[in-house]
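Data block below; observations after.
The values are calculated or read from the model by the stated rules, or taken from the named source; none is laboratory data. Here the structure is a predicted model, which means the values were calculated and not measured. Glycine also receives a Cβ, built like all others from the backbone with ideal geometry; neighbour counts cover every protein chain displayed. All accessible areas refer to the heavy atoms of the entire protein, side chains included, with ligands and DNA or RNA removed. Shrake-Rupley method; radii C 1.70, N 1.55, O 1.52, S 1.80 Å.
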Amino acid sequence: MDILPILSTLRRHKITALLLVLEIALTCAIVCNAVFLINQRLERMKMASGVAEHELVQIQAFGIGDTADAKAHAQEDLTALRQIPGVKSVALVNQVPFTNSSWNTSVKLDPKQNQATLNATQYFGENLLQTFGTRLVAGRDFAPDEYLDMRLVARDEKLAKKVVSVIITRDLGQKLWPGQSALGKTLYLGGDPMRVVGVVAGLIRPSLFGGDATAQWSMVFPLRMDSDNASRYVIRTAPQDRERVLAAAAATLRKNDPHRIILEKKTLDDIRADFFQDDRAMAGLLAGVCIALLVVTALGIVGLGSFWVAQRRRTIGVRRALGATRGSILRYFQTENFLLATIGIALGMVLAYGINLFLMLHYELPRLPAYYFPIGAIALWLIGQVAVLGPAMRAAAVPPVVATRSV
Amino acid sequence: MFAYYLDLALRSLRRSPVLTGMMVLAIGLGIGASMTMLTVLHVMTRDPLPELSAQLYYPHLDPLPANYPARSEWGDPSDNFTWPDAMALLEAHRADQQAAMAGGRVLAWPVQAGRMPFRIGGRYATAGFFDLFGLRFEQGRGWTAADDEARARLVVLSHALAMQLFGRTDVVGRTVRLGDARFQVGGVTADWAPQPQFYADASGRGNYGESDRFFLPLATALDLDLSVSGNQASWKEGGKTSGNYTWLQVWVRLKNAAQARAYRQFLIDYSASQQKLGRFERPPANAALYPMMDWLAHQKLVPNDLRLQLWLALGFLVVCLVNIVALLLAKFLRRSGEVSVRRALGARRRDIFLQFGVESALVGSLGGLLGVAIAQAGLWSVRQRPDSYAHVARMDLSMLALTVLLAIAGSLLAGMLPAWRASRVAPALQLKAQ
């Protein structure tokens, strides 16, 4: 196909052609970046938790009134919950992944350090790792006689010094001691030394205010909670039993203590879905804008194409009369669109890169990977060809006899 | 003449209904999307207390140790006050109206036996709170500084909580159980819900859609060790009354710039005196006094996501406008023949420009109307979203006017170039060419 005649025609519609190129460029740039943002959100939603998500349910229950026998109370609850058919494991814990409420503390590698090395989250609760289904990759879990009562530890500093073991995640170990095994190492909370007795593959922190890079910085301590200082009962069961167990567990807890407020009972899958709902909403919004943009651009191409075809009706007739086939008229308009789209896409790439630089500067986004550029290019080429097809077919249908008619 | 042009425009648009529809749709989508985002941003950055905001200030002291890490994602602990500093500022009485406060959540017990208690949020504050922010009492009154001193078991209920607990609001003197303690009701305020909740700790991210349901003396809350919500930070051992535990907010009302200058100096002098005592390690010049709106900006209540969405919406609007320019240009130039005839018959360039300008404006107005509808649908979908600010996203009259204005201005601007091009068409040449 000879493109010179196309170029010379376009030169007669400079402004209009330029505007179309500009529109394609802007659309290409925005779509590239938006798709990138959507992917970032989707990736974030896949974040690993390190717990058996599909098997866990959580009930948050607040006891009210007398708290003197909170320990006995909690043990009664746990025993009753374990008797529900289908329950594999139960724990009363201080915090649960994806609930946005967390206990955190500074960690030092040397007690004399002025500034803490980092800030990590603290999981407490007897039987926590077995219930969560968190996989141990080195060392050991806490022994049953290692657990101390949180209630006593919080009041008695001497007793607090007896909490000396901690289980940490592999990520936290790598951050604290890069390239070494964390097992057997000592870290300090305030001035108190803790020996790492076990390492788990992963355990996400309940809230990600510290940034996604710190998501796996978690520590587990051998502390037993009671109904006064913890409210989250976590139950592990088969995926298909979750709803039934949840209902039965709520009834059991209420029966054990009628003066109790059940704040929340949910499966961990639901809790996770809630946690990432902002990301899902944002991804949906971006996808919506992308589609709207492509639709508007396609409408623009259809509109301009129709105008040009109507305007050149006589010329097309002349060409047909001089022997041009329908196919060559069709290809003429397709090639014209392809040319415009290519110029627009080239400009769009530069613009996409610029927008990405701006976003990197102001919103701490990573660099746009190179493979997004061809995605944007192909999308716009396709849309351009589809959009121009209608007007081009109408052009091809112009009969040669038009050439002989006066206006 | 205008009516004639309008008629011409209507005829022209009716001749190609599909294309007109496309242009209107493009403007409508662009305007709708950007106005949705602009409205959300407008709602989030508006003045929560217009009648008093010019006089309200948030003091800032920096009691942190010299080697404390710089502001992190966990927030700056010096945004809040330690107990000794807050009390020192209040006791100096450098502002006519002032109060220290903290947010908290407690269990509230309905008076009817057998009904379950429920958790509510409220404010622990010093006596000046009600005057400072201009709360209106429906019944009774607030408490006095003497009550603060005596750690009185007094509570002020919001209208909503009084109705919820008692089913009525004339409840002054009655007793209500909050947490494990009993309080005497001293007053009932009219419902008061500034959005964002500017006076609260920044970690609440503006607490959009929330309001305080009860108020009780700060010292009483401290006495009973009631739970405090919001960011709390300490850098040495010591409890809530120690000088290295920040958890309070302090607000003052100053009448004019001179008072504000004097207060700022007072903060610096106070910091210097604390530095001499060895309590503060950082330079006294770190002390500052923020006007209310500056403080809100400083707290960065607008999430990054939202700004990103605004940029996206504006980008979208630009694409839609470019699209309109191209379509109008093609449409107008297609009518070169008609223009030639009109010009040959004596129409001036101005007339042609005006005629096509009217047609652009018509397309713009229709697009604007569609844009308003789309923006309403967009805001409705924002309100279905989980974000805390979402359900305050509503368009007020000024935003509505801005939407229509933006649509017309946008399409007028977009129509300018095509109309100008059309007006350059030579009178008879076109006739000859065809």
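Screening A:MET282 against (1) assigned by TED's automatic domain parsing to the domain that holds A:GLY390; (2) modelled with pLDDT of 85 or more leaves a single unmet condition, (2).
Exactly one residue out of A:ALA403, A:ALA392, A:ALA321, A:ALA379 is of a type in the set (A, V, I, L, M, F, W, C) and in contact with a Lys or Arg (Cβ under 8 Å, 6 or more places away or on another chain): that is A:ALA403. Annotation note: of A:ARG151, A:ARG140, A:ARG155, the sole residue that is open to solvent by 40 Å² or more (accessible area, probe 1.4 Å), charged (D, E, K, R) and in contact (Cβ under 8 Å) with a residue 60 or more places away in the chain is A:ARG151. What do you reckon, is A:ILE15 out of contact with any Ser or Thr (no Cβ under 9 Å at 6 or more places or on another chain), farther than 30 Å from A:PRO366 by Cα and within 14 Å of chain B (Cβ to nearest Cβ)? Spelling it out, A:ILE15 is indeed out of contact with any Ser or Thr (no Cβ under 9 Å at 6 or more places or on another chain), farther than 30 Å from A:PRO366 by Cα and within 14 Å of chain B (Cβ to nearest Cβ). Taken over the range B:345-367, residues that are assigned to a helix (DSSP H, G or I), hydrophobic (A, V, I, L, M, F, W, C) and open to solvent by less than 60 Å² (accessible area, probe 1.4 Å) amount to 6.
Going by the structure shown, is A:LEU7 within 14 Å of another protein chain (Cβ to nearest Cβ) and part of a helix (DSSP H, G or I)? Considered against the rule, which asks whether it is within 14 Å of another protein chain (Cβ to nearest Cβ) and part of a helix (DSSP H, G or I), A:LEU7 comes out as no.
Of everything in the range A:335-365, what is modelled with pLDDT under 90, part of a helix (DSSP H, G or I) and open to solvent by less than 50 Å² (accessible area, probe 1.4 Å)? Give them in sequence order. A:LEU359, A:TYR363, listed by residue number. All conditions but one from (1) assigned to a loop (DSSP other than H, G, I, E, B); (2) open to solvent by 30 Å² or more (accessible area, probe 1.4 Å) apply to B:TRP380; the one that does not is (1). Residues that are aliphatic (A, V, I, L, M) and assigned to a strand (DSSP E or B) were ranked within the range B:119-138; the one that is farthest from the other protein chains (Cβ to nearest Cβ) is B:ALA125. When the criteria are applied in full, A:THR214 fails the requirement of being within 26 Å of A:LYS46 (Cα to Cα), among the polar types (S, T, N, Q) and crowded, with 22+ Cβ neighbours inside 10 Å. When B:PHE266 is tested against (1) open to solvent by less than 60 Å² (accessible area, probe 1.4 Å); (2) assigned by TED's automatic domain parsing to the domain that holds B:GLN197, exactly one condition is not met: (2).
Say whether the condition of being under 28 Å from A:THR237 (Cβ atoms), out of contact with any helix residue (DSSP H, G or I) (no Cβ under 8 Å at 6 or more places or on another chain) and of a type in the set (S, T, N, Q) is met by at least one residue in the range A:99-116. Yes.
None of A:VAL57, A:VAL31 is under 22 Å from A:ARG236 (Cα atoms) and touching a helix residue (DSSP H, G or I) at 6+ places or on another chain (Cβ under 6 Å) except A:VAL57.
Among the residues of the range B:328-337, are any more than 14 Å from chain A (Cβ to nearest Cβ), crowded, with 17+ Cβ neighbours inside 10 Å and modelled with pLDDT of 85 or more? Checked against the condition, which is being more than 14 Å from chain A (Cβ to nearest Cβ), crowded, with 17+ Cβ neighbours inside 10 Å and modelled with pLDDT of 85 or more, the range B:328-337 yields no hits at all.
Within this structure, A:LEU223 passes the test of being more than 14 Å from chain B (Cβ to nearest Cβ) and buried (at least 23 other Cβ atoms within 10 Å of the Cβ).
Among the residues of this structure, B:ALA86 counts as one that is in contact with a strand residue (DSSP E or B) (Cβ under 7 Å, 6 or more places away or on another chain), surrounded by 16 or more Cβ atoms within 10 Å (Cβ to Cβ) and either within 11 Å of chain A (Cβ to nearest Cβ) or in a helix (DSSP H, G or I) (or both).
Within the range A:19-31, the residues that satisfy the criterion of being within 9 Å of chain B (Cβ to nearest Cβ) and more than 28 Å from the chain's Cα centre (by Cα) are A:LEU19, A:LEU20, A:LEU22, A:GLU23. Note on the range B:10-46: among residues that are more than 14 Å from every other protein chain (Cβ to nearest Cβ) and modelled with pLDDT of 85 or more, the one that is surrounded by the most Cβ atoms within 10 Å (Cβ to Cβ) is B:LEU10. Within the bounds of the range A:269-288, is there any residue that is more than 9 Å from every other protein chain (Cβ to nearest Cβ) and not in a helix (DSSP H, G or I)? So far as the range A:269-288 goes, yes, one or more of its residues are more than 9 Å from every other protein chain (Cβ to nearest Cβ) and not in a helix (DSSP H, G or I). Of the residues B:ARG279, B:ARG307, the single one that is within 14 Å of chain A (Cβ to nearest Cβ) and over 30 Å from B:THR20 (Cα atoms) is B:ARG307. Listed by position, the strands (runs of 3 or more DSSP E) contained in the range A:43-125 that have at least 2 residues being within 14 Å of chain B (Cβ to nearest Cβ) are A:56-63, A:104-107, A:118-124.
Scanning the range B:117-162 for residues being touching a residue at least 24 places away in the same chain (Cβ under 8 Å), open to solvent by 10 Å² or more (accessible area, probe 1.4 Å) and among the small types (Gly, Ala, Ser) gives a total of 8. Which of the residues that make up the range A:243-263 are in contact with a strand residue (DSSP E or B) (Cβ under 9 Å, 6 or more places away or on another chain) and open to solvent by less than 40 Å² (accessible area, probe 1.4 Å)? Passing the criteria: A:VAL245, A:LEU246, A:ALA248, A:ALA249, A:ALA250, A:LEU253, A:ASP257, A:ARG260, A:ILE261, A:ILE262.
Considering the range A:351-387, the residues that are hydrophobic (A, V, I, L, M, F, W, C) and without any contact (Cβ under 8 Å) to a residue 24 or more places away in the chain include one that is farthest from the other protein chains (Cβ to nearest Cβ), namely A:ALA370. Against the numbered list (1) crowded, with 17+ Cβ neighbours inside 10 Å; (2) not hydroxyl-bearing (Ser, Thr, Tyr); (3) not in a loop (DSSP other than H, G, I, E, B), A:LEU368 comes up short only at (3).
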